[in-house]
């Protein structure tokens, strides 16, 4: 969001009138993307004159800014994205629940304590590396594995399909994008390129057309 706003303000010749600041309670935000990706994104913020306020716990929102244990940040507009939790309705079911409020799933996307029950997407808590993302691409991989495993059970076969752990992200700045890729073997980041923003928008059109 902050990169997109920066680009929009520059395009409309208003960036010099607006101060942008990115805040996060973690000292290394975006660490799931990998150490190199975090460094690259923070470097881009510095290059674009976007201030940062990192590693300080959020205490309160106020009409003129926000309070953290690292000090007060004055602000005319605050955009805040809270951490994810599981759906409220899970607590009224017999589904196994993780400490974060998600449905406990095994490596096959199946609910171990229930017969022929599978979960794909953000409602599930999946085994895997700590950086395992909650994003549409990972939900796609989980959905494919869940569907194949359900068919296997219906055919009297064992569960065999495990979704690969993979993160693919294009940080879209509206006029260019940064590609971040990560799996169990490697972590790759490509510098800002116009083609990556264009490719992301083209993929969106293709993906939505398939759904429609």
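Could you please rank 56, 201, placing first whichever residue has the fewest other Cβ atoms within 10 Å of its Cβ? Numbers along the way, then the final one.
Working: 56 17, 201 13.
Final ranking by Cβ density, sparse to dense: 201, 56.
Could you list 212, 10 in order of exposure, starting from the residue whose Cβ has the fewest other Cβ atoms within 10 Å? Please list the in-between numbers first.
Values: 212 5, 10 14.
So the residues, fewest neighbours to most, are 212, 10.
What's the exposure ranking of 197, 152, going from fewest to most Cβ atoms within 10 Å? The partial results should precede the final answer.
Details: 197 20, 152 15.
Ascending number of Cβ neighbours within 10 Å: 152, 197.
Computed from the mean reciprocal separation of all distinct C-alpha pairs, what Kirkwood hydrodynamic radius does region 122-212 have, in Å?
Numbers: mean 1/r = 0.0661 Å⁻¹.
Kirkwood radius, region 122-212: 15.1 Å.
Please report the antiparallel percentage of the DSSP beta bridges confined to the chain, to the nearest 5.
Details: 21 of 27 bridges.
In the chain, DSSP labels about 80 percent of beta bridges as antiparallel.
Can you tell me the relative contact order of the chain? Whole percent, Cα pairs under 8 Å, sequence separation 6 or more.
On the way: 312 pairs, mean separation 29.5, N = 212.
The value is 14 percent.
With r defined as the distance between the Cβ atoms of residue 72 and residue 185 and R0 fixed at 30 Å, what FRET efficiency is calculated, to the nearest 0.05?
Numbers: r = 44 Å, r/R0 = 1.47.
Approximately 0.10, to the nearest 0.05.
Over region 111-154, what is the mean sequence separation of C-alpha contacts under 8 Å (at least six apart), divided by residue count, expressed as relative contact order in percent?
Values: 26 pairs, mean separation 19.9, N = 44.
Answer for region 111-154 is 45 percent.
Mind giving me the FRET efficiency for residue 81 and residue 152? R0 is 45 Å, r the Cβ-Cβ distance, nearest 0.05 is fine.
Details: r = 38 Å, r/R0 = 0.84.
It comes out at approximately 0.75.
Expressed as a whole percent, how much of the Cα-Cα distance distribution for region 9-119 exceeds 20 Å?
Tail of the P(r) past 20 Å holds 61 percent of the pairs.
Consider a paramagnetic label point 7 Å from the Cα of residue 18 along Cα→Cβ; state which residues of region 144-186 have an amide N under 18 Å from it.
The answer is 172-176, whose backbone nitrogens lie closer than 18 Å to the label point.
Counting only Cα atoms, I'd like the Rg/Rh figure for the chain, Kirkwood definition for Rh. Walk me through the intermediate numbers first.
Details: Rg = 20.4 Å, Rh = 19.9 Å.
Reported Rg/Rh (Cα atoms, Kirkwood Rh): 1.02.
Would region 90-154 count as rounded, prolate or oblate if I go by the C-alpha gyration tensor, calling it rounded below 1.5 in a/c and otherwise prolate when a/b exceeds b/c, oblate otherwise?
On the way: a/c = 1.86, a/b = 1.04, b/c = 1.78.
It comes out oblate by the Cα gyration axes.
Between region 144-199 and region 23-56, how far is it from one alpha carbon centroid to the other, in angstrom?
So the separation of the two Cα centres works out to 23 Å.
Laboratory data are not the source of any read-out in this text; all were calculated from the coordinates shown. What you see is a predicted model; the values in this text were computed from it and never measured. Here Cβ is always computed from backbone atoms with ideal geometry, including for glycine, and neighbour counts include all displayed protein chains.
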